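Here's the structure, in structure tokens; my notes come after.
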Amino acid sequence: MEADSRLSDRIADSILSMITVEKRFLPGSKLPNENVLSQELKVSRTTLREAIRILATGGILEIRRGKGTFVREDFKAGKTEELSVLATAKLKARDLYEMRLIFEPEAAYYAALRATEEEIQRILALGTEIEERIQQKKDRTEVEQAFHKSIARATHNEFMNQLMPVIYEGINKGVRLSQVHKEAVQATLVDHKILMDFLKARNGEGARNAMRIHILHAMEQLPME
């Protein structure tokens, strides 16, 4: 039961991150139905319901019988908003990538050591989806964001999650730039494969180095400023 409780807490945190960090669900908006959301989060509907109850008790979600689950109209993200200002500021791409270079290799290191099996499986599933989108020449920005966010979440360090709006801006710029460079797209495929192999093997040093190389490859495509 304790393990179930910890899982529902983590899922509640993941949904909260969708609201405050990813901005997928704004105040007043409806969450996807149980089947869709439980499949996305790779948990049972029972665990999802418990996570939703946690957020409802915390004044974040509102359960409307017969209508679904909604983000409360009066919900305010609070301190997360202060950090998200950085994401909307006019920042140079190179500055964003340097920030990623400082932040993400360490996130990969701790994720390899601390991630639950469910978190590792989610990262791997998102990595596979990125590969499929690249091969199908589809936009992968949102999936890239989810991939890197999942790694940050797997560190179990809340401050890392608070920094994700900054990372998202760097990912957006990177995807736009790499789409016009075939070499960058190929590098993304290879880099992600190596990174996922190290995460799956719980090799922290390998994951750290793989993430560092991945970001350095992306930085090579940045225009001179």
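The values are calculated or read from the model by the stated rules, or taken from the named source; none is laboratory data. Every value quoted in this text rests on a predicted model; they were computed, and no experiment measured them. Every residue, glycine as well, gets a Cβ built from its backbone with ideal geometry; the counts of neighbours run over all protein chains shown.
Pick from region 128-149 the residues that are modelled with pLDDT under 85 and polar (S, T, N, Q): which of them is surrounded by the most Cβ atoms within 10 Å (Cβ to Cβ)? This residue is 145.
Across region 105-130, the number of residues qualifying as out of contact with any Lys or Arg (no Cβ under 8 Å at 6 or more places or on another chain) and either over 19 Å from residue 42 (Cα atoms) or among the β-branched types (Val, Ile, Thr) (or both) comes to 4.
Number of residues in region 5-35 that are closer than 14 Å to residue 71 by Cα, in a helix (DSSP H, G or I) and free of Cβ contacts under 8 Å to residues at least 60 places away in the same chain: the value is 5.
For region 36-48, taking the residues that are of a type outside the set (S, T, N, Q), surrounded by fewer than 16 Cβ atoms within 10 Å (Cβ to Cβ) and part of a helix (DSSP H, G or I), the one that is farthest from the chain's Cα centre (by Cα) is identified as 45. Where residues in region 71-127 are β-branched (Val, Ile, Thr), buried (at least 17 other Cβ atoms within 10 Å of the Cβ) and part of a helix (DSSP H, G or I), which of them is modelled with the lowest pLDDT? Ranking the candidates gives 80 first. The helices (runs of 4 or more DSSP H) found wholly in region 150-225 and carrying at least 1 residues that are modelled with pLDDT under 80 occupy 158-162, 164-178, 182-200. Taking residue 51 as the residue in question, decide whether it is of a type in the set (Gly, Ala, Ser), modelled with pLDDT of 85 or more and surrounded by 13 or more Cβ atoms within 10 Å (Cβ to Cβ). Criteria met by residue 51.
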